[in-house]
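The values are calculated or read from the model by the stated rules, or taken from the named source; none is laboratory data. Since the structure is predicted, the reported quantities are computational estimates derived from the model, not experimental observations. In this analysis, Cβ positions are derived from the backbone assuming ideal geometry, glycine residues included, and neighbour counts consider all displayed protein chains. Side chains are part of the model used for accessible areas, which takes the heavy atoms of the whole protein and leaves out ligands, DNA and RNA. Shrake-Rupley method; radii C 1.70, N 1.55, O 1.52, S 1.80 Å.
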Amino acid sequence: DYLATRVSYKLNLTGPSLTVQTACSTSMVAVVLGVNSLLSYQSDMVLAGGATVELPEKTGYMYLEGGIESVDGVCRTFDQDASGTVFSRGAGTVLMKRYEDAVADGDHIYATILGGAINNDGGNKAGFTAPSVSGQVEVAMEAIELADISAETISYVEAHGTATNVGDPIEVSSLSEAFGSYSDKKQYCAIGSVKTNIGHTDSASGVAGLIKAVLALHEKKIPAHLNYKVPNSK
């Protein structure tokens with residue numbers, strides 16, 4: 001519960017030091033809070049991320065039909081045979097500064113965050129662990145508006161992509177509706193999820209996806225989206 005303040009104490013970091021807990025969205029919420037802290041000049045440099053470490057290490061699980069975890073221990077995000085996710089361990093952190101400061105300091109800039117948004121869909125969720133289409137559409141459009149860009153200029157979306165029967169169709173429907181409100185163009189934006197590569201790192205899953213997207217920009221390559229053969233009919 002006091003991870004952030006302990007890190008700040010050990011590394012002599014001043015300014016806001018917050019431990020965030022919003023389940024799977026934790027690390028991305030931390031990133032957006034960090035962006036806002038930079039824009040409000042509360043901070044000049046921000047470390048934001050998440051960590052998931054489970055001790056003692058558990059092995060295996062009992063499959064539950066309609067549950068979150070995969071029937072065969074394979075994560076098939078957006079595939080017709082997707083049956084759930086695979087949980088894993090991980091940690092990730094990004095260091096953020098205002099763009100002009102990073103340039104002035106001669107920092108290596110991997111990517112620029114143009115905008116970010118946070119919301120909550122309250123009781124409109126499909127279930128406690130599954131969002132609503134309206135809530136996801138709203139937050140996607142808000143992020144695009146805050147970034148002050150055209151949706152047509154977005155060529156890749158790193159999705160949450162848990163490979164669950166409920167979550168994936170909601171996410172694709174939400175993105176289709178959000179992007180469709182800006183453009184009639186089709187198939188100009190790729191989609192993927194790092195969960196097919198490393199599993200679902202829970203509180204660290206958002207920053208893992210962010211790091212993947214950042215490195216895809218930096219290397220000008222989109223990493224392979226594994227275990228995908230036939231599009232999910234839903």
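Are any residues in segment 65-79 open to solvent by less than 50 Å² (accessible area, probe 1.4 Å) and part of a loop (DSSP other than H, G, I, E, B), and if so, which ones? G67, S70, G73, V74, C75, T77, F78 - these are the residues of segment 65-79 that are open to solvent by less than 50 Å² (accessible area, probe 1.4 Å) and part of a loop (DSSP other than H, G, I, E, B). Restricting T85, T112 to those that are without any contact (Cβ under 8 Å) to a residue 60 or more places away in the chain and not hydrophobic (A, V, I, L, M, F, W, C) reduces the list to T112. Checking each residue in segment 192-221 for being buried (at least 17 other Cβ atoms within 10 Å of the Cβ) and not in a helix (DSSP H, G or I) picks out G192, S193, V194, G199, H200, T201. Residue-level check: of (1) modelled with pLDDT under 95; (2) of a type in the set (D, E, K, R); (3) closer than 17 Å to S25 by Cα, E152 misses just (3).
Residue by residue, here is whether (1) of a type in the set (G, A, S); (2) under 19 Å from V230 (Cα atoms); (3) crowded, with 19+ Cβ neighbours inside 10 Å holds:
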position: G122; (1), (2), (3): yes, no, no
position: F128; (1), (2), (3): no, no, no
position: E142; (1), (2), (3): no, no, no
position: I154; (1), (2), (3): no, no, no
position: G161; (1), (2), (3): yes, yes, yes
position: D184; (1), (2), (3): no, no, no
